[in-house]
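> Shown below is the structure under consideration.
Derivation of every value follows stated rules applied to the coordinates shown; laboratory data play no part. All values derive from a computational prediction rather than experimental measurement. Note: ideal-geometry Cβ built from the backbone for every residue, glycine included; neighbour counts use all protein chains shown.
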Amino acid sequence: MSKETFYVTTPIYYPSDRLHIGHAYTTTAADSIARFKEMQGYDTMFLTGSDEHGQKIERRAAESGEEPQQYVNKVVATFIELWQKLGIEYDQFIRTTDENHQRVVREIFQKLYDKGDIYLDKYEGWYCTPCESYWQERQVSEEEVCPDCGRPLEWVAEESYFFKMSKYADRLLEHIKEHPDFIQPESRRNEMVNFIESGLDDLSVSRTTFDWGIECPVNEDHVIYVWIDALSNYITAMGYLSNEEKFNHYWPADIHLVGKDILRFHTIIWPSILMALDLPLPKQVFGHGWLLTETGKMSKSVGNVVDPLELIEDFGRDAIRYFLLREVQFGADGTYSTEALIQRINSDLANDLGNLLNRTVSMVEQYFSGVVPAPDAELEVDRDLKETARQTQERVAAELEGLHFTTALEELWQFVRRCNKYIDQTKPWILGRDESQQERLGTILYNLLAGLRQIAIMLKPFLVDTPKKIGRQIGAQQNIRKASWEDLTEWQVLRPSSRVEKGDALFPRIDLDEYFEQKQESSREEELEVKGDKAESKKDDKKAKPSAEEQKENLISFEDFKKLELKVARVVMAERISGSDSLLRLEVDLGQEQRQLVAGLAGHYSEEELKGKEIVIVANLEPAEIFGVTSQGMLLAAEDEDGSLALLQPENRVEPGSHIS
Ligand code: ME8
């Protein structure tokens, strides 16, 4: 009999930016459930990928002076690097620029068109370019900003193809009501039901205002709008209209894991498209919450984006995976902070787990010269430990089944603590002094090793390196590597007379203050390097005085000068940038808008002194990332020979935003 399948997906990510810890959150969760199902004997399929078309990407590519394909190739390579470093073992990575995907999406469009479910009309309304979302007039307030992200909307009026989504509203409602697991968690299901009940409009599915997309098969002036293109990845990757055997094997998906921001697309648009194609719907769409930082939602312009690669470098991938899965209840919003991460590493990983392993292996070395002892007669305390292990594996499995990663790990840690308590109850260090207690001591240490084997196996869905490290230290590496979930039912698996092998601490404790000091130190060094480079180039400038001829070449034309947009800005607030001695982050008022700038003013002006000052800025300078903060422009200041700074300011008070010419 062939194995039962389990097919899980993450959203496919936009290569418009580098990925942050929020993306790592979804993908780690998907990886964890896929590993668990694999251990349970399922034929698993874990799909992730990249969503490479659309106006946003076309613009980003243009900004970096590249062809869109060249641009996405470069960014997608960074995704793959991150997933490798985080130990994400996807089975397939789909790119929407893949030849097969593009061909099948065109066929899907054609099918829907031939069926009469796609028709040509005119679209007029609001459009949010960053979210790639259209909004009806009634959904938009007077500020004319995107109801989702709050950024300014653009009014678009264009010919567009529409998908008859309204036609499927009743069937969809019925499906949601008959399949309570279809939308999870439950609170989000009610939200979606209300949305459908308030009436579904037909959906604009093509665009004429940009080119970077899949060409529409029925009209070459249109490209297929991003949601048909993106959502179809879940079936094109599984062989829809290209490899029917594979498709029938894996489809429908068991779980689409998505962030709450795109739940609506997955529970309304996507099932409607599938119904129109006469295909079965995915069994479940799970909308998880946001991973926020202490300063709110991660955003490049606020400069609070947490880079997972840096965290992996500093703490190791297992600590990051543990934190992501343990800290925030899957479904709810949660907060990332480095303090909380370090706290988890120290208390759960170093203290509870690391100490258990270290104490156990050290005692086997001390009392049995590193040879695994044979277990002897059982006492009540031993039976209780085994029974707790049995219950733990059942509970962890049940929690994982419902995607409750947090409670699954909580259950597992209760068992880790139970093992530590077993040491305190049985006091092996006292038995060790008494020759006649050798057998009892051997039984206790055997049980501890067996408990550690259980822990290592139960950790396999969550962590990548730790189960192997535990396996190596307790002398059961192969056994743990191959272990399935079923193997947890056996307690007495370790071979007496095999050897333990003491290794490094699993998770060294981290001193919070020391960590932050070190971080500041390395940022300072980085800053000095930048300054050093500047000083070098200044020296070089002085060395080579330009000739009269060269000076002429340095002249710029009036046309060039006109390109500079100089404006008056008023400083609203100023603050130090952590880790830098010289930089301040300024928020400035430009009349119509507020911006943030990074300026090397610390040591010259105090934060208080700057507040309310009118300054001059270059307003159309390309934004730059400095110390993790995006600087949207540059202020002008004069610097004399001894390095004193003086800000350029208008002589009289003028309105912020005034042009300088
Ligand atoms: O939306 N916390 O791509 P995207 C938790 N291409 N999850 C977060 C997060 C955060 N702070 N930030 C992002 C798209 N995510 C589309 C998807 S699917 C057919 C097309 C996660 O690159 C979350 O899962 O903007 C969110 O839904 C996804 O990244 C969006 O990534």
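> Run through region 572-659 and list the GluC sites (Glu not before Pro) located in a DSSP loop whose Cβ has at most 11 other Cβ atoms within 10 Å.
For GluC sites (Glu not before Pro) across region 572-659 that sit outside H, G, I, E and B with at most 11 neighbouring Cβ atoms in 10 Å, the list reads 641, 651.
> Quick one: putting +1 on the C-beta of Lys and Arg, -1 on the C-beta of Asp and Glu, what dipole do you get for the chain around its Cα centre, in Debye to the nearest 20?
For this selection, approximately 2020 debye.
> Between residue 218 and residue 144, what is the label-point separation in nm under the 7 Å Cα-to-beta-carbon projection?
My value for the distance between the label points is 3.3 nm.
> Sequence-distant or interchain residues sharing an amide H contact under 5 Å with residue 303, placed H: which?
Those qualifying (amide H under 5 Å, at least 5 residues apart or on another chain) are 630.
> For the pairs 427/468; 421/460; 300/563; 3/167; 85/502; 37/300, flag any whose C-alpha to C-alpha distance is greater than 30 Å.
Check vs 30 Å cut-off fails for 3/167; 37/300.
> I'd like the GluC sites (Glu not before Pro) in region 191-243 restricted to DSSP loop residues with at most 13 other Cβ atoms within 10 Å, sorted by number.
Hits after loop and neighbour filter: 220.
> Across region 370-382, in residue order, what do the Karplus-derived ³J(HN,Hα) couplings come to in whole Hz, using 6.51 cos²θ - 1.76 cosθ + 1.60 with θ = phi - 60° and x for Gly and Pro?
x, 9, 5, x, 8, x, 10, 3, 9, 10, 4, 4, 6
> Please list 3J(HN,Hα) in residue order for region 332-337, calculated via the Karplus relation 6.51 cos²θ - 1.76 cosθ + 1.60 where θ = phi - 60°; whole Hz, with x for glycine and proline.
Karplus values, whole Hz, x for Gly and Pro: 8, 6, x, 10, 8, 8.
> For residue 292, which sequence-distant residues (separation of 5 or more, or a different chain) have an amide H within less than 5 Å of its own amide H, given hydrogens modelled in the peptide plane?
334, 335, 336
> Now for a different question. Is the shape of the chain rounded, prolate or oblate, going by the alpha carbon gyration tensor and its root eigenvalues a ≥ b ≥ c, with a/c under 1.5 for rounded and a/b larger than b/c for prolate?
oblate
> What GluC sites (Glu not before Pro) does region 415-498 have in DSSP loop regions with at most 13 other beta carbons within 10 Å?
Qualifying residues, ordered by number: 490.
> Give the shape of region 337-489 as rounded, prolate or oblate, defined through the alpha-carbon gyration tensor: a ≥ b ≥ c are the square roots of its eigenvalues, a/c under 1.5 means rounded, and otherwise the shape is prolate if a/b is larger than b/c and oblate if not.
It comes out prolate by the Cα gyration axes.
> In debye to the nearest 20, how big a dipole does region 337-489 give about its Cα centre with +1 on each Lys and Arg Cβ and -1 on each Asp and Glu Cβ?
440 debye
> Separate question: Between region 424-447 and region 213-231, how far is it from one alpha carbon centroid to the other, in angstrom?
Spelled out, the Cα-based centre of one part sits 71 Å from the other.
> So what J values fall out for region 482-497 if you push phi through Karplus, 6.51 cos²θ - 1.76 cosθ + 1.60 with θ = phi - 60°, rounded to Hz, Gly and Pro as x?
Per residue, the Karplus-derived 3J(HN,Hα) values read 8, 4, 9, 5, 4, 5, 6, 5, 8, 9, 8, 10, 4, 7, x, 5 Hz.
> What is the set of long-range amide H partners of residue 98 at a cut-off below 5 Å, with H atoms built 1.01 Å from backbone N?
HN-HN under 5 Å from residue 98: empty list.
> Where a Cα-Cα gap under 14 Å defines reach, which aspartates and glutamates qualify for residue 283, not counting those fewer than 8 residues away within the same chain?
Straight-line reach from residue 283, under 14 Å: 178, 181, 254, 401.
> As a check on your grasp of the helix formula, calculate [θ] at 222 nm for the chain: sum -39500 (n - 2.57) over DSSP H runs of n ≥ 4, divide by the residue count, round to the nearest 500.
The per-residue figure over the chain is -13000 deg cm²/dmol.
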